[in-house]
Amino acid sequence: MFLTYCYGGERFSKPGLLSVLSIRARLPDAVIDVYTDAPAAFTGTGARVHSLSAIDVAAGSAPVGYRHRVKIAVLLRHALSAPEGSPVLYTDTDTYFRGLPGAKGTMPDLGPRPWVMHNLDGLVGDDFYPVFARFLRRESALVADSEWPGMAPGFKMFNSGLVGFRATREAARLLLEAQRLTDWFSVHFHEQPEWGEQFALAWIGEQAYGVAADPMGFHHYWNQNTEVSTLLARMTRADIEKIAGDEARFDALLADAAALAHDPRHRRTALRKKRWNRSLQKRLIAWRGRGLRE
C-alpha cells in the first residue's frame, strides 16, 4: 500500500492531494492511505483517509513536540496493522509519482529489499551535514554510551521522503528503535533538529539491512516545496487533477516554482516566514530537550 502523512492545513493538503492523484493517475487500483487533519481535501480520491486531531499529533510528537516524529508513528501503525509481509511505501507530501515501467496492481513492488529510501544524499562529514558531523565528534563519548555506539562521521545519509518496507514484526521493532533514536537526538542534538527522523531512519535501516536507495518512480521536490505549495494554493481541484495526470504540466509547475524562488516579494514573505517558523521550532525543541536531559 501507499502511505502519506499530511498535517498543517492547505499548505500541505494541496501538495498531498497532488501526490495522491499522481499515484491514482498511473495506478488506478492502488491502495492509498492518508493520515491528515484535512480529510475533506481527499474526498473522491479513493484513498483511505484517517483523520488526525491536534491531540493525535501532540502524542506522536512527544516528548519534545517534534512533528516529523509523527511520520515514524504512522509507519509503525502500518507495520503492525497491514497484512503480514505486505509492502508499505511511505512518501512525503512533496512528491509526485511519475510511474515505473511495468508497474501495475494495487501495491508497490519492493522485490526482496527489506528497507528502501528515496536516495543516498551523501556521507555525513565536513562538507555534508557538517553540524551533525561536529556533534558526533564532540559528543563521541555520549554516543559510545548510547544504544547506537557506532554512529560517527561518514555515515550514509539517505533521504526519508520515501521509506519502503514490508509489514512485519521485525520492521515494527526497527521503527520503534528509530523512534527511540529520534527522541535521543531531540534531547541531545539541538543544532539541526529538523532532520532527526531522517538521521534515525537512515541509521537504523542501514545497520539492520543496508538501505536500498530507490526513488520508486517518485520525484521528491523537497527543495521547491514552499514555492510549489504557494502556487498550488492559487489553483482549483480541477487544476491539480490536470497536473497529476500530465508530467509536462508538472514540469511546468516546477519551472514556475523555480522562477518564484527568485521573486523578491516571495523571499521577503513566504521564505522569511518559513525560516522564522523553523527557528521557533528549533528553539522549542532545544528548550524541551534540555529539560529532559537535566
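There is at least one residue in region 244-261 that is among the acidic types (D, E), modelled with pLDDT of 95 or more and assigned to a loop (DSSP other than H, G, I, E, B). Checking region 10-18 against the condition returns a match, with at least one residue being in contact with a Phe, Trp or Tyr (Cβ under 7 Å, 6 or more places away or on another chain), outside any strand (DSSP E or B) and under 24 Å from D214 (Cβ atoms).
When restricted to residues that are surrounded by fewer than 23 Cβ atoms within 10 Å (Cβ to Cβ) and out of contact with any Gly (no Cβ under 8 Å at 6 or more places or on another chain), region 215-227 contains 7. Among the residues of region 125-156, those identified as of a type in the set (A, V, I, L, M, F, W, C) and assigned to a helix (DSSP H, G or I) are V131, F132, A133, F135, L136, A141, L142, V143, A144.
Quick check, is E206 among the charged types (D, E, K, R), in contact (Cβ under 8 Å) with a residue 40 or more places away in the chain and touching a helix residue (DSSP H, G or I) at 6+ places or on another chain (Cβ under 7 Å)?
No, not satisfied.
For the residues E197, E177, E241, the requirement of being in contact (Cβ under 8 Å) with a residue 24 or more places away in the chain, in contact with a helix residue (DSSP H, G or I) (Cβ under 9 Å, 6 or more places away or on another chain), farther than 21 Å from D92 by Cβ and assigned to a helix (DSSP H, G or I) singles out E177. Among the residues of region 113-133, the ones that are free of Cβ contacts under 8 Å to residues at least 40 places away in the same chain and over 27 Å from Y90 (Cα atoms) come to 5 in all. Scanning region 26-78 for residues that are in a helix (DSSP H, G or I) and either hydroxyl-bearing (S, T, Y) or over 17 Å from the mean Cα position of the chain (by Cα) (or both) yields R26, P39, A40, A41, F42, A54, I55, D56, A58, A59, S61. Residues that are out of contact with any strand residue (DSSP E or B) (no Cβ under 7 Å at 6 or more places or on another chain), part of a helix (DSSP H, G or I), surrounded by fewer than 16 Cβ atoms within 10 Å (Cβ to Cβ) and not hydrophobic (A, V, I, L, M, F, W, C) occur in region 81-91; there is at least one. Which residue, of V64, V74, V20, is in contact with a Lys or Arg (Cβ under 9 Å, 6 or more places away or on another chain) and either surrounded by 15 or more Cβ atoms within 10 Å (Cβ to Cβ) or under 16 Å from M1 (Cβ atoms) (or both)? Residue meeting the stated conditions: V64.
Scanning region 105-142 for residues that are under 18 Å from G196 (Cβ atoms), within 20 Å of the chain's Cα centre (by Cα) and not aromatic (F, W, Y) returns M117, H118, D121, G122, V124.
G245 fulfils the conditions (1) over 22 Å from Y5 (Cα atoms); (2) surrounded by fewer than 18 Cβ atoms within 10 Å (Cβ to Cβ) except for a single criterion, (1).
The values are calculated or read from the model by the stated rules, or taken from the named source; none is laboratory data. Here the structure is a predicted model, which is why all the values come from computation and not from measurement. Cβ sites come from the backbone with ideal geometry, for glycine too, and all protein chains shown count toward neighbours.
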